[in-house]
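Data block below; observations after.
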Amino acid sequence: MQRLSSRYIAGPTLDDALRVVRKLNAKGKLATIDVLGEEITSPDEARAIAGQYLDVLARVDAEGLDANVSVKLTGLGLELDLDLCRENLEAVVGDAAARGNFVRIDMEDSSTTDRTLELYRELREAGRSNTGVVLQAYLRRTLDDVDGLDNVRLCKGIYVEPVEIAYKEFEAVRANYVRCLERIVDEGIYVGIATHDEYLIEEALRVVRDVPRDRYEFQMLLGVRPDRADELVAGGHRLRVYVPYGTQWYEYSMRRLQENPKTAGYIAADTVGRVLKR
Ligand code: FDA
């Protein structure tokens, strides 16, 4: 698991994340920094995560890096107390606004969807235009959720959801992804196209062909398909890499492993490769 984490996670500290972001920026890639910390159990821990985001925003600003932040509402206290979570989120979004930066609110499992969209809408109604949310194409509700949003990252979705509310077949998720992307683009909503699926990347290139380049971006996870990301950058598209850092790497790594069991093979091959090189 630690081998896995080193592929997908910048490292335990903010310095590690900034080092990775510097390299990405040098290759024309944007970044979004995620402070790992979903397993919080107390208000103080939630406040500490919010504090870490303020540190991230300050360092990104001071170093002139091209990176925004991605937050998980459970990390900011969603399951402890909605008001605490709102307070933490407002603090991070307010600080980002003062620095001309942006906050993406990640989407977690379906028990959080309504609350996440509600907090996002509250912020926008309060005039915070420097924030966006995430929609998951595997959820049957997602096409209806598009209306009224302003800035969306569209992904397939990574949590295990019941069939009553989620498409389960690979092709059904893909088809809904394309449907949702078309609706988002038709409505003129800024979109982050988060996928490594070649079919969806090609479909997205078709859907956005007449969209100005500053109205969309592709997004990929650190450690996944960096060569394809380079090609998109070379093609003149904005491309953002999701850069997680922190000591709470276990949950994040488990999701990557469950999503793509082939990953275990990459780790084995990588380990063997290193041993042989030695
Ligand atoms: P798919 O899983 O079909 O992968 C396509 C191909 O990409 C694979 O065949 C393989 O080649 C490569 N690949 C994919 N994953 C890999 C891996 N782990 N290791 C190695 N190769 C891999 N989800 C969510 O529920 N809420 C969220 O907020 C976010 N946020 C988010 C941000 C960004 C920037 C990305 C890219 C993704 C997310 N996700 C997410 C995760 C997303 O929902 C989804 O689980 C993954 O992106 C995998 O789906 P793909 O569209 O890449 O297709």
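The values are calculated or read from the model by the stated rules, or taken from the named source; none is laboratory data. Bear in mind the structure is a predicted one, so any value in this text is a computation, not a measurement. As a convention, Cβ positions derive from the backbone with ideal geometry for all residues, glycine included, and neighbour counts pool all protein chains shown. Quick note on the areas: whole protein, heavy atoms, side chains included, nothing else; ligands and nucleic acids left out. Shrake-Rupley method; radii C 1.70, N 1.55, O 1.52, S 1.80 Å.
For SER70, list long-range residues whose amide hydrogen, built 1.01 Å from N in the peptide plane, is under 5 Å from its own amide hydrogen.
Under 5 Å from the amide H of SER70: ILE33, ASP34, VAL35, ARG104.
Quick query: amide H of LEU221 versus all other amide H atoms, modeled in the peptide plane; which residues come in under 5 Å with a sequence gap of 5 or more or a different chain?
TYR242
Loop only by DSSP, 16 or fewer other Cβ within 10 Å of the Cβ. Give me the trypsin sites (Lys or Arg not before Pro) in region 105-184 that pass, ordered by residue number. Present the calculation step by step, with values, prior to reporting the outcome.
Numbers: sites: ARG115, ARG121, ARG124, ARG128, ARG140, ARG141, ARG153, LYS156, LYS168, ARG174, ARG179, ARG183; in loops: ARG128, ARG140, ARG141, LYS156, LYS168.
Passing sites in region 105-184 are ARG140, ARG141, LYS168.
What is the antiparallel percent of DSSP beta bridges lying wholly in region 2-277, to the nearest 5?
On the way: 1 of 33 bridges.
Antiparallel bridges make up about 5 percent of those DSSP assigns within region 2-277.
Dimensions of region 2-277 along principal axes (Cα, Å, largest first)?
Extents along the principal axes: 57, 42, 39 Å.
Each residue of region 211-222 in turn: what ³J(HN,Hα) in whole Hz from Karplus with 6.51, -1.76, 1.60 and θ = phi - 60°, glycine and Pro shown as x?
8, x, 4, 8, 10, 7, 8, 8, 9, 9, 7, 3
Taking region 129-205 as the region of interest, what is the percent of Cα-Cα pairs per 10 angstrom bin, listed from the shortest bin to the one with the maximum distance?
The calculated distribution, bin by bin, is 19, 56, 24, 1.
In whole percent, how big is the carbon plus sulfur part of the accessible area of region 2-277, probe 1.4 Å, protein atoms only?
Working: 6330 of 12390 Å².
Its accessible area is 51 percent carbon and sulfur atoms.
Might you tell me the accessible area per residue for the chain, computed with a 1.4 Å probe and given in Å²?
The answer is 46 Å² per residue.
Which cross-chain or sequence-distant (5 or more) residues have an amide H under 5 Å from the amide H of THR131, H modelled 1.01 Å from N in plane?
Those qualifying (amide H under 5 Å, at least 5 residues apart or on another chain) are VAL103.
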